[in-house]
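Visitor: Take this structure first; my questions come after.
The values are calculated or read from the model by the stated rules, or taken from the named source; none is laboratory data. Here the structure is a predicted model, which means the values were calculated and not measured. Every residue, glycine among them, receives a Cβ derived from its backbone with ideal geometry; neighbour counts consider all protein chains shown.
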C-alpha cells in the first residue's frame, strides 16, 4: 500500500508546491465563481427566467434552480472520482473546470422567458446540472492534489488555501457584479448587463486551464500507478473497503453537514437576509459581503495552520458548538442594525392576522392551487419582512397593535396591490419599507457579525481538505472523499436556501429558516464527537 509519505517518492520542491497551491486555488476560485454568480444575481435571474407576480414563489424557484445544481454534485463526484482514481488527479480536474466554464457562459446566453417561454428556465436548469456535475469533481481533485504534494506537517495549512478559495469564488462573483453595476447603467444592467459576469467565465476558464496545464501529476498517484496499485473500480471499493462505511458516514454528517450549512448560512443566507426582508440597498449589501468575505479568507488559513498542531477534530467541534450558541443572536443583531425601525416597529406594534385557513402555500400558483385569502395576506407580510401572529377567526382581519387595517377587495387578485397596500398601512404605524442605507457604525457592526459567521465557517471548514485526505486510502481517495462531501454539500447545503425559504414562507418568521442549519449542525456535532479521530494529524493507516 502506497502511503502519502512513501520512502523513495520524490518530494516536490518549494517552487513546485507554490505552483500547485496557486494553480489549484485559482482554478477553485474561478470554478466557484461560476457556480456562485447564479446566487449573487438571484433577483435578476428570477426576473429573467422565472417571472411571477408572486415575489415569494419567484425567489423560491430561483433557489430551486440553485438546488438542482447541487443535487447533481454527488453524481459528478461518482463520475469524476472514478476518473480521478483511475486516470489521475490532474487531468480529471482539467475536465471539470472546462465543463464549468462552458456551462456558466451558456447561462449568460440563454434568452429570457419573455422571448422563448418555458424553454428558458428548462435550458438554465440543464446548465445548472452541468455545473453541478463539474463541481462534484472539482473539490476532491483540487484538495487531494494539494494534500498529496504537501509535507504532512504542513498539510492543513497548504490545503486551507483550497477552502479559502471557495470563499474567494464568492467574493470574486461580488466584485465582478459591483464592477458591472458601476460601468453599466442600472436599467441596462437589469435588462442585459447581468449576463456579462456569466460570459466573463470564459476568460477565467482560459486562465485556469493555462495554469493547470503547467502542473504534473500528484506524486502519490504516480507512485501508485508505478506500483500497479490503482483501483479497478473506485466507486465499488469505496463502499466495501474495510472501515470505509463508517468513515463515509462521519464525513457526510460529522464533517460536510456541519461545514456546508454553516458556510451557506454565513454567506448566502446573510446575503439574501440583508437584501430581502431587511431591504438594505443591493450595492451596499454586495460591498458588505465583499469586505467580510475577503477578511474571512484569512481565517481559513489560520485554522488550517492551527490544525497542523492540534489536530483536525478540535477546530471542527469548537466551531460547531459555537455555531449552535451564536447563530440566532448574530442574525438578530444584523436585523437590528440593518433595519432598526422595522425591528422596533415589529416589537412595539405587533401584527395579528385572524381568519379561516390561515396558512401559506408558497407553491400554490405553480401547481394551480388556490391560495386562501388569509394565506395571501401572510405571504405578502412575509415578503415584506414583517413578523406576525395568527389567530383563528371567522372573518379575515389584520390588526396592528389592535388597530384594524382596512382590507381592499382588489388586494386578493393583485399581489402587487396587496403588498403595496399593506405596506402603506403598516408605514402609518412606524414600519419602514424604504431601501435602507444604515449609518456607518451600523454597517461596521454588520461586517463584524458577518466576520463572526465567517470565523465559525473557518473553524468547521479550514482543515477539512487535509482531514478528508487523511481519512481515506490513497487508491480510492478521490472517490471516497468526494462522494460524502458532495452528498452533504449538495443536499444538506445546496438545498439550504430553498428549505429555509419555505420555512420562512410558512412560518412568517424571517429567522425561522435558521432552525434548519441549527438542526443539521447539532446532529453533525454528535457524529463528529463520536467519529472524528482525536490527537495530532496522521496519514491514513489500515485499521
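Visitor: Do you know which residues across region 393-433 are part of a helix (DSSP H, G or I) and free of Cβ contacts under 8 Å to residues at least 40 places away in the same chain?
Guide: 409, 410, 411, 412, 417, 420, 421, 423, 424, 425, 427, listed by residue number.
Visitor: Can you confirm whether residue 98 is part of a helix (DSSP H, G or I), in contact (Cβ under 8 Å) with a residue 12 or more places away in the chain and either in contact with a strand residue (DSSP E or B) (Cβ under 6 Å, 6 or more places away or on another chain) or more than 25 Å from residue 472 (Cβ to Cβ) (or both)?
Guide: yes
Visitor: Which one of the conditions (1) buried (at least 20 other Cβ atoms within 10 Å of the Cβ); (2) under 31 Å from the mean Cα position of the chain (by Cα); (3) modelled with pLDDT under 85 does residue 355 fail to meet, given that it meets all the rest?
Guide: All conditions pass for residue 355, except number (2).
Visitor: For region 402-429, how many residues meet the condition of being under 26 Å from residue 280 (Cα atoms) and in contact with a strand residue (DSSP E or B) (Cβ under 9 Å, 6 or more places away or on another chain)?
Guide: So the answer is 5.
Visitor: Let me ask you something else. Just to be sure I understand, how many residues within region 87-96 are surrounded by 19 or more Cβ atoms within 10 Å (Cβ to Cβ) and either at pLDDT 85 or above or more than 16 Å from residue 146 (Cα to Cα) (or both)?
Guide: Number satisfying all stated conditions: 1.
Visitor: Only one of 413, 345 is over 26 Å from residue 51 (Cα atoms) and either out of contact with any helix residue (DSSP H, G or I) (no Cβ under 7 Å at 6 or more places or on another chain) or outside the structural domain of residue 513 (by TED's automatic domain parsing) (or both). Can you tell me which?
Guide: Only one candidate qualifies: 345.
Visitor: A further question follows. Exactly one condition in (1) part of a loop (DSSP other than H, G, I, E, B); (2) modelled with pLDDT of 80 or more is false for residue 120; which is it?
Guide: (1)
Visitor: I want to confirm something. Restricting to region 426-437 and keeping residues that are surrounded by 19 or more Cβ atoms within 10 Å (Cβ to Cβ) and out of contact with any helix residue (DSSP H, G or I) (no Cβ under 6 Å at 6 or more places or on another chain), which single residue is nearest to residue 376 (Cα to Cα)?
Guide: The selected residue is 426.
Visitor: Across region 484-529, what is the number of residues that are surrounded by fewer than 19 Cβ atoms within 10 Å (Cβ to Cβ) and either touching a strand residue (DSSP E or B) at 6+ places or on another chain (Cβ under 7 Å) or outside any helix (DSSP H, G or I) (or both)?
Guide: Counting residues in region 484-529 that are surrounded by fewer than 19 Cβ atoms within 10 Å (Cβ to Cβ) and either touching a strand residue (DSSP E or B) at 6+ places or on another chain (Cβ under 7 Å) or outside any helix (DSSP H, G or I) (or both) gives 3.
Visitor: Here's something else I'd like to know. Go through (1) within 30 Å of residue 377 (Cα to Cα); (2) out of contact with any helix residue (DSSP H, G or I) (no Cβ under 8 Å at 6 or more places or on another chain); (3) at pLDDT 85 or above for residue 517 and report which single condition fails.
Guide: The one condition residue 517 does not meet is (2).
Visitor: Still on this model: Could you tell me which of the residues 48, 142, 103 is at pLDDT 75 or above, assigned to a helix (DSSP H, G or I) and within 30 Å of residue 417 (Cβ to Cβ)?
Guide: Criteria check complete, one pass: 48.
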